[in-house]
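Only the coordinates and a few stated rules stand behind these numbers; no lab work does. This is a predicted model, so every value here is computed, not measured. Cβ placement follows ideal geometry from the backbone for every residue including glycine, while neighbour counts extend to all protein chains displayed.
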Amino acid sequence: MARLGLRYLARQAARFAAVFAIALAAALPASAGSATDPHPVTARLVPELSAVAPGATLWIDLHLDIAPGWHTYWRNPGDSGLPTEIAWTLPAGFNAGDIVWPVPDRFVVEGLGNYGYRDAVDLLIPITVGQDVKLGATAHLDAVASWLVCSDICIPGDAKLAFALPVAAAAPDPSATGLFAAARSRLPKPAAFEAEFGVTKDQLRLMLPEAAFSGIEQPSAVFFPFDANVVDAAAEPKLQRRGSGFELLLQRANTPAAIVPKSLDGVLVLRGAKGGEQAVSLHATPAAAISAEESSAEIAWWQALLFALLGGIVLNLMPCVFPVLSLKLVSLAGIGDRAAHHHAAAYAAGVILSFVALGGALLMLRAGGSAIGWGFQLQSPVVVGLLAYLLFAMGLSLSGVADFGFGLTGVGGRFAGREGLGGAFATGILATIVATPCTAPFMGAALGFALLAPAPLALAIFVALGIGLAAPLAIATLIPGFARLLPRPGRWMVLLKQLLAFPLYGTVAWLVWVLIQEVGPEGALMALFGLVLVGFAVWVYGTTRLAGPAMRRAGTVLAAAGTAAALLLALTATPSRARPEQTASRDRLPYERFSPARLDALTAERRPVFVNLTAAWCITCLVNEHATLDTAAVRQAFAEHRIVALKGDWTRQDPEITAWLQKFGRSGVPLYLLYDRSGTANVLPQILTRSEVLDAIGKI
């Protein structure tokens with residue numbers, strides 16, 4: 001805070017010095033333009049025409065030649081300085097417009113940021129000529145130009161300028177053609193795209209579409225706001241990828257005079273690392289407000305890594321992961337501390353490597369333009385069907401139908417050997433696969449950061465997630481004598497294995513329901529036949545495994561045939577074109593289908609709106625709905641405040657919902673937004689409680 005205060009005082013002192021210098025110059029006319037003390041700026045007026053006609057527009061160039069090492073200022077000078085001005089004395093019927101400013105440069109000196117010009121600048125001014133101006137007259141135009149020019153010191157300057165033109169048929173001045181062409185080439189062009197900006201505690205986030213960067217490779221960006229006290233002119237802007245477009249992060253001004261603009265207007269300059277530059281005048285409209293706590297752009301790289309680690313740890317408590325972790329813990333009974341350490345290391349390797357593979361696939365697909373996010377693989381009916389088959393086979397194995405030895409659950413009779421370590425590694429892979437439908441606290445910001453970060457840092461975040469998921473088991477095995485704390489293997493292990501099969505069967509039932517949402521009832525019927533074939537394959541394998549060689553070979557062939565047939569049925573699953581209809585129920589929150597257009601219409605009517613972006617395969621989403629959103633107290637609060645609920649279903653790929661998630665720094669569902677009557681969004685936590693929702697409703 002002390003540093004910010006010093007910077008504010010420095011800015012105020014610089015501005016006071018500039019104003020004082022001008023006042024002193026006015027009171028004590030000095031020899032700023034004398035031969036003995038030449039002024040760093042030389043000014044002249046150049047008309048574009050040699051004659052002006054009634055009803056025409058005459059363009060004037062206020063040309064300033066600036067000495068090396070000095071600079072003048074733009075319309076918004078930044079942290080200090082004053083803009084160049086011109087005051088006219090014009091004949092009757094002549095009216096001067098505002099200065100049309102060319103693209104400025106940015107200077108940062110001793111912590112102060114300024115916008116202005118070096119060497120030379122051409123400031124164009126339009127002058128309209130009335131229809132009643134008489135032909136044959138001579139128009140005398142007089143002006144006083146004033147400026148502030150700075151180097152190590154700042155010097156105010158001014159010049160009385162004049163010229164005369166005949167009032168006749170408009171005639172271009174050939175000697176000025178090149179000057180005006182060059183001046184117009186340095187003007188920003190109107191933006192051919194739309195932009196939005198969001199406001200967080202410390203930043204303005206200017207969201208730009210891909211079209212803004214056409215023809216520019218490896219871009220960098222600078223933004224010059226028209227209004228003062230909006231951004232910190234000395235802070236470096238940061239350009240980063242965001243979904244299918246880009247986001248320019250601008251540090252907000254931190255002075256007592258700082259303002260939050262209703263629209264963000266200014267000049268955006270884009271430059272390519274291999275050449276190419278374009279400057280556009282931009283009018284950005286406000287986007288929905290973004291909670292600083294939920295914004296991935298508001299966290300540093302080390303915070304993203306920490307959040308990923310914590311999120312991975314919490315994943316162990318999620319219903320999709322806990323059964324697998326329990327099976328792994330049971331498998332350590334009676335194997336000794338040394339072997340337990342090896343199993344924990346193999347399990348951790350499986351978890352971490354599969355997280356890296358999943359993260360790498362996600363980053364590559366997004367780099368190729370795919371609109372996907374966390375849990376993207378479950379948007380594929382084929383993946384959902386195969387996962388259901390795998391978990392069903394595991395459940396049958398735990399129920400005693402067949403014993404796969406070093407099966408993916410890590411439960412079997414050979415854990416002390418190499419197969420046991422292979423099973424531990426495979427269990428880590430399985431834990432990662434079944435974790436993807438879940439989103440734990442802290443994960444939203446970390447994953448949102450990962451999808452915007454450079455690839456090495458993004459992969460490091462996925463590694464941190466894997467370390468968090470593997471950490472509880474690894475830490476447990478480091479406790480001296482941990483394996484001896486578990487009961488000795490015996491009948492209890494068989495009973496517990498059989499009991500833990502039922503959460504897997506429940507997961508299979510849920511996956512079939514997800515599949516129905518994705519492919520419809522007819523498509524899901526094929527998957528159900530596939531489950532029958534998987535059951536047949538497991539039964540045949542288990543029945544013939546201890547038989548004679550011929551019977552074992554026959555059983556293996558039949559099991560392989562049944563598995564292959566099930567896989568073929570899974571591969572035929574294709575997404576249904578029809579979307580599931582939003583069904584209303586008296587004991588559930590009533591929803592309309594989400595769309596940005598519907599949201600805009602409701603906020604324009606000043607209606608409070610709740611947006612629920614969810615997916616059928618997202619267990620966290622389903623728990624939040626049944627445990628919090630569909631409770632009587634929450635439904636009553638929605639009704640009393642006349643809140644319109646919109647639901648966006650991301651069960652299948654939907655680029656529109658993906659873009660909305662990215663807008664709030666999220667890579668996956670759930671995302672909960674509560675808009676008040678002014679259209680400002682409050683981002684609710686990913687794990688909802690009834691009290692949090694009711695408190696948020698009470699504040700709208």
Fill in the blank from the handout: Ranked from fewest to most other Cβ atoms within 10 Å of their own Cβ, T544, T507 fall in the order T544, T507
Exercise for the section: Estimate the FRET efficiency between I475 and D202 by the formula 1/(1 + (r/R0)^6), using the beta-carbon distance for r and 35 Å for R0, to the nearest 0.05. Expected result: 0.45
Completion exercise
Heads up, segment 37-86 by the C-alpha gyration tensor (a ≥ b ≥ c square roots of eigenvalues; a/c under 1.5 rounded, else a/b over b/c prolate, else oblate) looks oblate
Exercise for the section: Let me have the relative contact order for segment 78-157, percent, based on Cα pairs under 8 Å that are six or more residues apart. Expected result: 41
Fill in the blank from the handout: So the FRET efficiency between E605 and Q653, C-beta based with R0 = 25 Å and rounded to 0.05, is 0.20
Practice task
Give a residue-ordered list of calculated ³J(HN,Hα) values for segment 596-602 (Karplus: 6.51 cos²θ - 1.76 cosθ + 1.60, θ = phi - 60°; whole Hz; x for Gly, Pro).
Solution key: x, 5, 5, 4, 4, 5, 5
Exercise for the section: Run the quick spin-label model on D695 and L135: label points 7 Å from Cα toward the beta carbon, then report their separation in nm to one decimal. Expected result: 7.9
Handout entry: Other-chain or far-sequence residues with amide H under 5 Å of V149's (modelled H)
Key = I155, G157
Handout entry: Of K201/K647; K189/K663; K238/K647; K647/K699, those spanning more than 31 Å from alpha-carbon to alpha-carbon
Key = K238/K647
Handout entry: Amide H contacts under 5 Å for F197, placed H, 5+ residues apart
Key = M207, T285, A287
Exercise for the section: Compute the FRET efficiency between A192 and L546 as 1/(1 + (r/R0)^6), taking r as their Cβ-Cβ distance and R0 = 60 Å, and round to the nearest 0.05. Expected result: 0.20
Practice task
Rounded, prolate or oblate: pick one for segment 592-698, where a ≥ b ≥ c are the square roots of the eigenvalues of its C-alpha gyration tensor, a/c under 1.5 means rounded, and failing that, prolate if a/b is larger than b/c, else oblate.
Solution key: oblate
Exercise for the section: Assuming a ≥ b ≥ c are the square roots of the Cα gyration tensor eigenvalues, decide whether segment 195-286 counts as rounded (a/c under 1.5), prolate (otherwise, with a/b larger than b/c) or oblate. Expected result: prolate
Handout entry: V109 paired with A168, simple spin-label distance in nm, labels 7 Å along Cα-to-beta-carbon
Key = 4.7
Practice task
Name the residues whose placed amide hydrogens come within less than 5 Å of the amide hydrogen of D173, ignoring near sequence neighbours (fewer than 5 apart) on the same chain.
Solution key: L49, S50
Handout entry: Relative packing of 666-679, 549-562, 685-698, which averages over residues the other C-beta atoms within 10 Å, highest first
Key = 666-679, 685-698, 549-562
Handout entry: Positive minus negative residues near L206 (Lys, Arg vs Asp, Glu; Cβ under 10 Å)
Key = -1
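Taking the Cβ of S263 as the center, what net charge do the other residues with Cβ under 13 Å away carry, scoring Lys and Arg +1 and Asp and Glu -1?
Details: positive: K262; negative: E194, E196, D227, D265.
Around S263, the surrounding residues sum to -3.
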